Amino acid sequence: MQKMIVGRLTRLVVTVLVVSFVTFVGVNVLPGDPVNALIPIDAQQDREFVEQIREEWGLNDPMVVRYGRWLGDAVQGDLGRSLVTGQPVTDEITHRLPITLELMAVAVGFSLLIAVPLGAFSGYREGRRSDRLVSGLAQAGLSLPVFVTGLILIYVFALRLQWFPAVGWNRLSDGLGPNLKSVALPALSLAVTEIAVYTRVLRSDMIATLKENYILSARAKGLTDRFVLFRHGLRPSLLTLVTVVGLNIGFLIGGSLVIEYLFAIPGLGKRLFSAIQQRDFMMVQAITVLITVFYVIVNTATDLVYMVVDPRIRRTN
Amino acid sequence: MSESSVRPSGQTSGAPFETSSGRLRPGGRAWTRSTARAFQGAVGKMPWLTKICFLWLILVILAAALADLIPGLADPNYQGFVFGDGKTNEGPTASHWLGTDNVSRDILARLIYGARVSLIFAFSLVAAGIIIGGTLGSIAGYFRGPLETFLMALVDTWLSFPALIGLVFVTTMLGMRNLLVLVLVGSIFVWPSYTRIARATALSVSGQDFVTAARAIGTSRRQILVREIFPNVLPAMLAYSLVGLPVLIILESTLSFLGLGVEIPTASWGGMINQARQDLLINIWPAVWPAAMLFMTVYSFNNLADWVRKQAAARSAAI
Amino acid sequence: MAISQEPVDTSTPSESMEGSEILRVEDLHTSFFLPIGELQAVRGVSFTLKRGQSLGIVGESGSGKTVLARSIMGLTLAKHVEISGKAFFNGRDLLTLSRREMRSLWGTEIAMIFQDPMTSLNPMVKIGRQVIEHLRQHKNVDRREAKQIALDLLNEVRIPEAESRIDRLPHELSGGMRQRVSIASALACEPSLLFADEPTTALDVTVQHQILNLLSREQRQRNMTMVLVTHDLGVIAGRTDETLVMYAGKVVEQAPTAEIFDNTQHPYTEALMRSIPRTSQPSHTPLAAITGRPPVATHLPKGCAFSPRCPYVQPRCHEEDPSLVSIGTSEHKAACWYPVGSDANREAFERNLSDRLPQTLAVAEALDADQGSETSADVPDGELT
Ligand SMILES: Nc1ncnc2c1ncn2[C@@H]1O[C@H](COP(=O)(O)OP(=O)(O)OP(=O)(O)O)[C@@H](O)[C@H]1O
Ligand code: SF4
Ligand SMILES: [Mg+2]
C-alpha cells in the first residue's frame, strides 16, 4: 500500500511535469502570440510598446528559462497573474473551483444513486424484459451528447416549465435552494451519460458475479433473493464500477467544460475555455495542470476505495 | 487522451470479425470472401432494431458520400432571404423538406453535408488510430524492451488528460480549422488507446505457437511483425474502432457546438445546434433535426457495436 | 417477483421414528437444451433413503452427480433445463414446490456442501458472518446469540482458535479450514438431509480424510441423512450405508456399500475399484486407469453407455441397453448383460482378449502388474478421528 502511494505520487509528479511542459510548449509554438492578450488591438502595431511589454512579462527569454521560472513559482504556490485581468491566477481558481467541483460531485453522486440499483437489478434480471428495457435505455443514454441532453433539459424544464433557471449560477452562499436549483439541470445533463456507463458496467459485472459458486451456496442456505443480491452479489460487482468512476473523471471534466459553456456557469471549465480564446496562457497553464493533478488524484483515490471495497487487497497489503 | 478517457465503457477486446475458431492467420483472398459471406449471414440474423440501425447507417453514409449527386438537394450555404427568394425559420415545404434555419438555409441539405463532416472526421481518426496505434503497439508488444516501457509510460501520461480539453486547446490556438486540420489534431489524441490495445494483443499473439514456429524456421523479426503480428492485431483494432466511432462523432459535434469544429459556414451537426439554440422558443426545429440525426447515428453505431460484441461473446462461448 | 422476504410456513417433519423414509426419488430425468442438442445429464434415477442413512453417489466427472443432487434440491442449474420425475422429501414432491416453498426448506431441512471451498464462500464476507447470516435467516436469534452459536459450530467442526478466526476472510484460511466453515454453515440449522457434493475433491489427501471423518461423525451424531457425492470409491468405503454408481446419467449399480466392495457386479464399478488411490503408490492413480472417456451426454452410444470402454463388451451390448435389475439379493442391483464374476463375463473377457480389444488388453496388463503387490484397494476404515 505504501509502495502504491509512492508509485502514484511519482506518477503524479511526472505527469504534471509532462503535461505542463507540453502545454507550455503548445502555447508558445502554436500560432497566436500571447502578447496579444496583454495589449489592445490598436496598440499591437506599436513595435516599441509591444517590445516593452514583452520584456516586462519576460516573454523574450528562451522557452526553457520561462518554463523553469514558471515551475519555480508554481512549486511555491504562485501560478502567476492572468494576462487579461492582471489578477493572481490562484485567486480566480479558488473562486471558481468549488463551482465545478460541486457540479461534478452532484453529477457523480446522482449517477451512482440511479445506476447502482438499476445496474444491479438489470444484471439480476438478465435477459428478461425489464433488463432489456434498462439496457436499451442505457444504450440510448450513451448516445446522447451532453450538450444535447443539456439543451433538451433547458428547453423543457427552464424555457417551457420554468422550474429551473436556464443559465447562471447561485452560489451556496446565496442559499441552498437557489444553489440546488442552479446545479440541477447541469448536473443532470452530465449524469445521463454517466448513468448509462455505470449501469452497463455494473450490469455485466453483476451477471458474472451471480454465476459464482458462493452465490449458489448462499442461496442453498435459504437466504432471500434480495439478501443474496445485495449482500453477496453487489459488493464484488462494485469493483469495476469504482475504477470506471475514476477513469470517467476525464470525460466528466471535458463534459463540465461543455456544460458550463452551455449553462453559462462561471466555473473552471468555462474560464479555461475563455482563457484559451484570449491566449491567457498563465491561466491556461494553471487550469490544465490543475485538471491533471485532479485526475491523477481521483484515480489514486479510486484505488484506495477499491481496497476498502475489496478486503482481500486490504489484508494482503 | 482519446476515446477511452472520454468514455471507457469497458469491454474493448475480442475480435468480432473472426470467421472461424482459430482464425489467427488470414489467408488472403479466401479469407476476404468468407468474411463477406459471414457478413451477409450475420445481417440476416440481426434483431429488427439492429437491422434498422444498420440500414440507417448505410443511408447516412451513402447520403454523405453522394451529397453532391442528390438531385434537387439545395446548396447548404445558400441564404435565400438575402436574394429575396427564401424565408428564415420556415416550416417544411416542397422545396425545403425540413424547413429552413434562421438565416434561411435548407436544413436537410445542411444535415447531409454535416453528416459528411462527422463521418469523415470519425473514420479518418479511426484509420489514424489503427495505423499509428497499431504500429506502435505491435512494435512495443512484440519487441518489448525499454522502447515498450517508454511508449507505455507515454500512453499512460497521455491518457490521464481529458481529450476534449486538449482538442479545445489545440484547435483554438491554431485558429485555422478545416477538416484536414481537425483530423490531424485529432490523431494526436486517438493514438494512445489504440496503442494500448495493440500492445496487449501483440503481447498475447507473440506467445502463440505459430510465432515461435515462424521464428524457428528462421523468419526475421521484422517479417514476423508484418506477417504474423499485424494481421492478428487488426481484428482487435477493428472491434475497438466500432466502439470508438460513435465517441468520435460525439467529439466532433461537441467541438462544433463549442464553435471549434470546421469553420462556418461549413455545415456540421454540432454547429447547427449551437446556432439554433439561441432561438429555441421561436423555432425549435433547426435544433431538433441535427440533434435527432446525431442521436440516431450515434445510437446506431452503439447498437451495432453491442450486437457485434454479443455475437463474438456467443461464439467464443460456443467453442 | 422472486424477491421477497417473508418466511414461508415450514411444515416440520412429523417426529418420525428412526428408519422411516425421508427421501424417495423416482425416475428422475434432467436435460439441458443446448444449441447443439439435448444433453441428458440424468436419465431415470430412482432410489430411496431412510432417515439417518447415508448414501454415496459415485461416478466419473460428467456422469451427472452434481446435476442429480441439484435437481433434487431444486437449485437452479440453467435456464434451458427440463426436469421430470418425482422426488419426495418427507412425503412432499420437491419438484412440484414453488421457489418460495423450496427456499423455506433450503438451509433448514436440506443443506448442501459444495465441491470447491475456494469458491463456495464469498471472498469478501467474514467467515463468521457467513454462518451467522444463515442462522439469522431461519432462527429468531439476535446478533450476539447468533455469534455464540456460530462460534460453537466452528468449534464443533474443529476449527482451532475459532474465536480469532471468526472475523477472518475466507482467503486467510486453508482449503480444509474453509471446507470446515462450509460444513459449520450447512449444519447451522440442523438439516435433516445433507448433500455433500465432492466435499474433499479440492483438498489434500490428508485433509480429505479429516473432513470426511468429520462429516461421518456429524452425520451419525445428529442422525442426519447424508448424500455423499464423489468420484472416488475409496471415499465412501466404510462411510456410507448405501452406494449408487452412476455412469452417463444412469445408475449402473446400487447396493449396500459393503456389498458393492465384496461383490462387485458392474464392469464400470470394477474399473472404478481399480482406480482407487493406493498407499503403495506415491500419488493418486488417476482415473485414466479406465481407458477412454465418458461419453458426451449429447451423443450417447446405442445400447449400453459403457460399451465403448467396457473390457467385456459383446455385440449385444451395442444393441440393447441393460436395465437395472436385482442380482442375487434384492438389495443389490446392476445394469449389465455380463455382470462381473459370472461365467458369461469370463467368457466375454477371454473372447475380447483373443480379439485383442484395447481396453481388455489394458485390464489384463494391469492385472499382471498387480500380481505380487497388494490385490485389494487400500480402503480407509472410516474410523472416527
Ligand atoms: N448448467 C448446465 N448447462 C449445460 N450442461 C450442464 C450444466 N450443468 C451440467 N451440465 C452437463 O451435465 C453433465 C453432468 O454434469 P455434472 O456436473 O452433474 O457431472 P458430475 O458428475 O458432477 O461431474 P464432476 O465430477 O465434474 O462434478 C455434464 O455433461 C455437464 O456438461
Ligand atoms: S458388459 Fe456390456 S452391458 Fe455390461 S457394462 Fe459392459 S458393455 Fe455394458
Ligand atoms: Mg460435480
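So here's what we get for this one:
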| item | result |
| --- | --- |
| Ratio of the Cα radius of gyration of the range B:65-287 to 2.2 N^0.38 Å, where N counts its residues | 1.32 |
| Shape call, the range C:26-258: gyration tensor on alpha carbons, a/c limit 1.5 | prolate |
| Length-normalised contact order for chain C - Cα pairs under 8 Å, 6+ apart - percent | 17 |
| Trypsin sites (Lys or Arg not before Pro) within the range B:129-225: DSSP coil, no more than 14 neighbouring Cβ in 10 Å | B:ARG144 |
| Gaussian network model of chain A, springs between alpha carbon atoms under 10 Å - residue of A:GLU102, A:GLU212, A:GLU92 with greatest fluctuation | A:GLU212 |
| In Hz, Karplus ³J(HN,Hα) per residue of the range C:304-309 (6.51, -1.76, 1.60; θ = phi - 60°; x = Gly, Pro) | 5, 5, 8, 3, x, 10 |
| Accessible area, probe 1.4 Å, largest first, for residues B:ILE229, B:ILE58 | B:ILE58, B:ILE229 |
| Helix-only [θ]222 nm of chain A, DSSP H runs n ≥ 4, -39500 (n - 2.57) each, per residue, nearest 500 | -24000 deg cm²/dmol |
| Farthest positive-ward along the protein assembly as shown dipole, Cα basis, beta-carbon charges - from C:TRP106, B:GLY261, C:ASN345 | B:GLY261 |
| Equivalent ellipsoid dimensions for chain A as semi-axes, Å, which come from the Cα gyration tensor, largest first | 45, 25, 15 |
| Acute angle (nearest 10 degrees) that the helix C:205-221 long axis makes with the longest principal axis of chain C, alpha-carbon atoms | 70 |
| Nearest-ten-degree value, helix C:175-187 long axis tilted from longest Cα axis of chain C | 70 |
| Neighbour count of at most 11 Cβ within 10 Å plus DSSP loop: longest trypsin sites (Lys or Arg not before Pro)-free window in chain C | C:80-301 |
| Which listed pairs, of A:LYS221/B:LYS310; C:LYS79/C:LYS250; A:LYS211/B:LYS310; A:LYS221/C:LYS333; B:LYS51/B:LYS310; A:LYS221/C:LYS147, have C-alpha distances above 25 Å, in listed order | A:LYS221/B:LYS310; A:LYS221/C:LYS333 |
| A:MET63 accessible area, 1.4 Å probe, all protein chains in place, Å² to nearest 10 | 60 |
| Computed helical MRE - 222 nm, chain C, DSSP H runs ≥ 4 contributing -39500 (n - 2.57), nearest 500 | -9500 deg cm²/dmol |
| Mean Cα-pair separation over length for the range A:100-266, i.e. relative contact order, pairs under 8 Å, 6 or more apart, % | 34 |
| Local net charge near A:ASN299, Cβ-Cβ under 14 Å (Lys/Arg +1, Asp/Glu -1) | 0 |
| Acute angle (nearest 10 degrees) that the helix A:47-57 long axis makes with the longest principal axis of chain A, alpha-carbon atoms | 50 |
| Qualifying chymotrypsin sites (Phe, Trp or Tyr not before Pro) in the range A:123-216, DSSP loop, other Cβ atoms within 10 Å at most 12 | A:TRP163 |
| Mean Kyte hydropathy of 1.0 or more with a Cα span along the axis of at least 15 Å, helices from DSSP in chain B | B:48-65, B:107-128, B:163-174, B:179-206, B:230-257 |
| Relative contact order %, chain A, counting alpha carbon pairs below 8 Å whose residues are six or more apart | 25 |
| Among A:ARG66, A:ARG81, A:ARG47: highest mean-square fluctuation, GNM of chain A, C-alpha pairs under 10 Å | A:ARG47 |
| Charge tally in the Cβ shell below 10 Å around A:SER82, where Lys, Arg are +1 and Asp, Glu are -1, A:SER82 excluded | -1 |
| Gaussian network model of chain C, springs between alpha carbon atoms under 10 Å - residue of C:GLU133, C:GLU242, C:GLU161 with greatest fluctuation | C:GLU161 |
| Kirkwood Rh in Å, taken over the protein assembly as shown so that all alpha-carbon pairs contribute | 33.7 |
| Net charge, B:VAL181 excluded, C-beta distance under 14 Å - Lys, Arg +1, Asp, Glu -1 | -1 |
| Cβ charges +1 (Lys, Arg) and -1 (Asp, Glu), total dipole of the protein assembly as shown, debye | 1200 |
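The values are calculated or read from the model by the stated rules, or taken from the named source; none is laboratory data. In this text the structure is predicted, and so the values were computed from the model without any measurement. Every residue, glycine as well, gets a Cβ built from its backbone with ideal geometry; the counts of neighbours run over all protein chains shown. Just the protein is used for accessible areas: all its heavy atoms, side chains included, with ligands, DNA and RNA removed. Shrake-Rupley method; radii C 1.70, N 1.55, O 1.52, S 1.80 Å.
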